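Notes for the one structure printed next.
Every read-out reported here was derived from the displayed coordinates using simple, explicitly stated rules and does not represent laboratory data. Computed from a predicted structure; not experimentally measured. Note: ideal-geometry Cβ built from the backbone for every residue, glycine included; neighbour counts use all protein chains shown.
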Amino acid sequence: MSDIQYPAERNLDGVYFRVVRGGKSVTRCFTDLTVGEQNNILDKYEKESLYRMCKILADTLRGIGDQFDIINQE
């Protein structure tokens, strides 16, 4: 049995990747991947694809902040 702790599936970002978990291929959002899974993707994809993903993640984060009126007050 695996001791890997997987993040809760929240499906927030809409940027999906196929990963293997427990010997089975599954589709998960980038933000629902483990750090290791994210690193594998970041190492694999080309610069243009990563730029596109960053823009999608920024739009998603901005949308969540706008929807819930979240402001970082550091």
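Tabulated data for the structure shown
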| item | result |
| --- | --- |
| Whichever residue in region 25-56 is basic (K, R) and part of a helix (DSSP H, G or I) and, among such residues, is surrounded by the fewest Cβ atoms within 10 Å (Cβ to Cβ) | K47 |
| Residues within region 57-74 that are surrounded by 10 or more Cβ atoms within 10 Å (Cβ to Cβ) and touching a helix residue (DSSP H, G or I) at 6+ places or on another chain (Cβ under 9 Å), tallied | 3 |
